[in-house]
1. Enter the accessible area per residue of segment B:76-191 (Å², integer; probe 1.4 Å; all protein chains in place).
2. Determine the per residue accessible area of segment A:5-158 with all protein chains present and a 1.4 angstrom probe, expressed in square angstrom.
3. Put simply, what bits of segment B:226-242 lose 50 Å² or more of accessible area when the other protein chains are there, versus the chain on its own (1.4 Å probe)?
4. For chain B, what does the relative contact order come out to in percent, with C-alpha contacts under 8 Å and a separation of six or more?
5. Normalised by the residues of segment A:5-158, what does the relative contact order come to in percent, with Cα pairs under 8 Å and at least six apart?
6. Along the Cα→Cβ direction, 7 angstrom out, place labels at A:K189 and B:K199. What is the inter-label distance in nm?
7. Give the long-range amide H neighbours of B:D141: residues separated by 5 or more places, or on another chain, with amide H under 5 Å away, using H modelled in the peptide plane at 1.01 Å from N.
8. Quick one: ranking B:H163, A:H248 by accessible area, 1.4 Å probe, largest first, what do you get?
Amino acid sequence: MIFDPGVLALLSGSFLVVATLLYASWYGIRILRRWDLCSGSQLQLSLERRTYLIATIMAYALGFQLLSLFLFISTADRLSSLLAGAMCAAGALNANKWGYPALILKIVNFMAAGVWLIINATDNSAYDYPLIKKKYMLLVPITALICVEAAFQTMYFLRLKPDIITSCCGALFSAASSGAVRVAVLPRKPVAASFYFCMALTLTTGLFSYTKGKGAYLFSLSSSVLFGVSILALINYISPYFYELPTHHCPFCILHGEYNFVGYPIYLALLTGGTTGLGIGAISPFSGVKSLQQTIPKFRKELILICLSSWLALFAISAWGILFSNLRMD
Amino acid sequence: MSRIERQRNIIDFTLSSLLRRKRKTIALILVYVLIVFTLGSVLLFTQAMKKEASLILAGAPEMVVQRMTAGRQSLFPVGYIDKIRAIKGVGAARGRLWGYYFDPRTRSNFTFLVPKVFEAKPSEIVVGRGIARSLDTSEDDLLYFRAFDGTRTALRIRGVFDHRSELVASDLILIGERDFRRLFGVPEGYSTDAVLEVKNSKELGIIAFKITQVLPDTRPIRRDLILGTYEAVFNWRGGMALVVLSGAVLAFVILAWDKATGLSAEERREIGILKAIGWDTSDVLLMKFWESAAISITSFFAGILLAYAHVFLASAPLFAAVLKGWSVLYPKFRPAPFIDFYDVAVLFFITVVPYAAATLVPSWRAATLDPDEVMR
C-alpha cells in the first residue's frame with residue numbers, strides 16, 4: 001500500500017461515511033417496519049424525528065461523494081508518478097482491477113444520493129409522507145453500494161504495488177510494459193453526431209416539458225442517454241480540442257491546471273445534469289398521488305431548469321473549447 | 001429571492017448566537033485551528049520538500065551507471081564509457097568523480113564532487129554554506145584535509161554557494177580532478193560512476209537493459225525512478241506524521257462531539273423558544289449547519305494561514321527535524337512558497353469531514369428537542 005496523505009484522507013472519509021450511512025439505514029429499516037402515520041405512539045414520534053437525521057446524513061453524504069470523487073481522481077493522478085508506466089490518473093487507476101470499478105461506483109453513488117435527496121424533497125413537500133416506504137427502501141441499496149465502493153477503494157489502495165526503488169542504492173528495474181489504459185476508443189464523427197443529436201433532443205424535450213408540463217419521461221430518458229453519450233464524447237471528441245492534440249483522449253487530464261481546470265465545470269455540469277435528469281424521471285410516477293398533485297409539477301419545473309442549465313453549460317464549455325482551440329480536425 | 005433571504009436571516013441569527021456564546025465558541029475554534037495548523041504544516045512541508053527535490057533533480061543526469069563488485073559499488077573503469085556510448089540511443093556519456101569525506105572537526109560528512117567544467121585554479125575549491133558555517137570560514141581561507149595516505153592537503157576556498165542551493169549543496173565541495181585524485185587516491189583511468197543522457201527518454205528502460213547486457217557488472221539508475229522514490233519517501237513521511245497525529249484528530253473529534261452534545265441550559269432554552277415561535281426542525285438543523293460551517297471555515301482558513309506562515313516564513317521549526325530526515329549539516333532551509341489546492345482538499349478531508357460527522361447527530365438531537373420539555 002502507498003502511504004500517502006491523500007490515500008489516508010480518502011480511506012478515513014469513506015469509513016466515516018459508511019459508518020453514518022449504516023446508522024442511517026438501521027433506522028431506515030426500522031421506519032420501513034414500524035411506520036404508522038395514524039399512530040401517535042412514542043415510537044412513531046421518534047421515527048418521524050429520525051427522518052430529519054437521515055435526510056441530513058444523505059445530504060452530507062452527497063457532498064462528500066462529490067468531493068471524494070474529485071479527490072480520488074487527483075490522488076490517482078499523484079500516485080501515477082510512483083507507478084511504472086502510468087502518466088496520469090488513467091494509468092494509475094488501471095494499475096489493478098479495483099481502480100475503475102471504484103471510480104464508476106463513486107459516480108453512480110453520487111447520482112444515487114442525489115436522486116434520493118430529490119425524492120426526499122418531494123416527499124417532504126407533502127403533509128402525509130406519501131413516499132416514505134419507497135424512499136427508505138431505496139436507502140438500503142444505496143448504503144450497500146457505498147459500502148461496496150468503500151471496499152473497492154480500500155482494495156485499490158491496498159493492492160497498489162509501486163514499482164519503485166526504495167532507496168537510491170537499491171536495485172531498480174522495472175519491466176515497464178503495463179500498457180496505457182485503452183479507453184473505449186470509438187470513431188470520432190459518429191460520437192460527435194450523437195452528442196449533438198442527444199443534446200438537441202434533451203434541450204427540446206426539456207423546453208417542451210418546462211412550458212407544457214408534459215413529456216417528463218422522455219426528457220428524463222434523453223437526459224440520461226445524453227449523460228452516457230457526453231462521457232464518450234468527452235473522451236473521443238471534445239477533450240482533444242482542449243489538449244490541442246488529436247491523439248490525446250484522456251478524460252482526466254482536463255482536470256489539470258495546464259488546461260485551466262476546465263474539467264471541473266465540465267464534470268460538475270455533467271453530474272448535475274445527469275442527476276437532476278434522473279431525479280425528474282424518479283418523481284414523475286408519483287404526480288398522481290393526491291398530496292403531491294400540487295407540488296410535483298412545481299418542483300419538476302425547478303429541476304428541469306437546473307437540468308437544462310447544466311446541459312447548456314456543458315454544451316457552452318465544449319463549444320468554446322472546440323471553437324477556440326488551435327486544433328482543427330475534419 | 002425569498003430562499004436566499006431565508007438563508008441569510010438564519011446565518012445572521014446563527015452568527016449573533018455564536019457571538020453570544022463567545023467563550024465556548026472561541027475555545028472550540030482555538031482547538032480546531034491548532035489541529036488544522038498542525039496537520040496543514042505537515043502537508044505543506046512535505047509538499048515543499050517534494051517540490052524542492054524535483055527542482056533539484058530536474059538538472060540531474062537521466063541515468064547513472066555504477067559498477068558493482070561483489071554487490072558493492074566499486075570504481076568505474078573509463079573504458080566502460082566507450083562501450084556505453086556505442087549503444088544506440090545514448091547521447092553524451094561521461095565518467096563522474098565524487099566521494100564522501102568524514103570531517104572529524106564537525107563530525108559530519110562532506111561531499112566532494114568534480115564538476116564537468118571547473119574554472120578554479122589547482123588547489124582551489126568551492127564550498128557549500130553549511131560547511132562554511134560549521135567551520136567558520138569564508139572565501140580565501142585555507143582548509144586542511146587528510147588525504148587517503150595520511151598526508152595533509154591544503155585547499156583554498158575560492159567561493160561559497162549562495163543560499164538558493166542550500167538543501168543539496170550545503171555539504172558540497174567542488175574540486176578539480178587532479179586534487180580529487182590526490183585526496184582520495186582514485187587511480188587514473190577510473191571514475192566513481194558514469195552519467196549519460198538518452199536521446200529519447202522513452203527508451204530509458206531499454207537502454208538500461210542493454211547496459212546490463214553489455215556490461216553485466218554494472219547497475220544503471222534512472223532519474224525518473226529516483227524522483228519517484230523521493231516522492232514516495234516524502235509521501236510516506238507525511239503519511240506517517242498524519243497517522244501519528246491521528247490521535248490528536250480523534251481527540252479533537254471527541255471534543256467537538258462533546259461540545260455539540262453538551263448543550264447548555266441557555267442553548268436548550270434558545271432552541272425551545274425558536275421552536276415555540278414557529279421554527280421547524282429543519283430550520284433549526286439549518287441553523288446548526290451554518291453554525292458548524294461558520295466555525296469550520298473560520299478555523300480552517302486561520303489554521304491554513306498559520307501553517308503557511310509556519311512552513312514558508314519560519315521554515316517549519318516544529319516539524320523540520322522529523323520530515324526532512326537529513327544529516328546534521330542542513331540547519332537552514334527555507335522552502336519556496338508553494339501551495340497546492342490538492343493539499344488544501346486533503347486537509348479539508350482530514351479535519352472538516354470528521355468534524356462534520358461528529359456534530360451531525362448532536363445537531364439533530366438538539367434540533368428535535370421538544371419546546372415544552374425544554375422550557376418547563
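The values are calculated or read from the model by the stated rules, or taken from the named source; none is laboratory data. Predicted model, so just to flag it, every value in this text is computed and none were measured. Here the Cβ is made from the backbone with ideal geometry for all residues, glycine too, and neighbour counts use every protein chain on show. Side chains are part of the model used for accessible areas, which takes the heavy atoms of the whole protein and leaves out ligands, DNA and RNA. Shrake-Rupley method; radii C 1.70, N 1.55, O 1.52, S 1.80 Å.
1. Numbers: 6370 Å² over 116 residues.
Solvent-accessible surface per residue comes out at 55 Å².
2. Numbers: 5700 Å² over 154 residues.
I get 37 Å² per residue for segment A:5-158.
3. So the qualifying set is B:T229, B:N235.
4. Numbers: 508 pairs, mean separation 109.6, N = 376.
Relative contact order here is 29 percent.
5. Details: 140 pairs, mean separation 48.7, N = 154.
Relative contact order for segment A:5-158 comes out at 32 percent.
6. The answer from the label model is 3.9 nm.
7. Residues meeting the criterion, in which the H sits 1.01 Å from N, are B:I157.
8. On the way: B:H163 125, A:H248 50 Å².
These residues rank, largest area first, as B:H163, A:H248.
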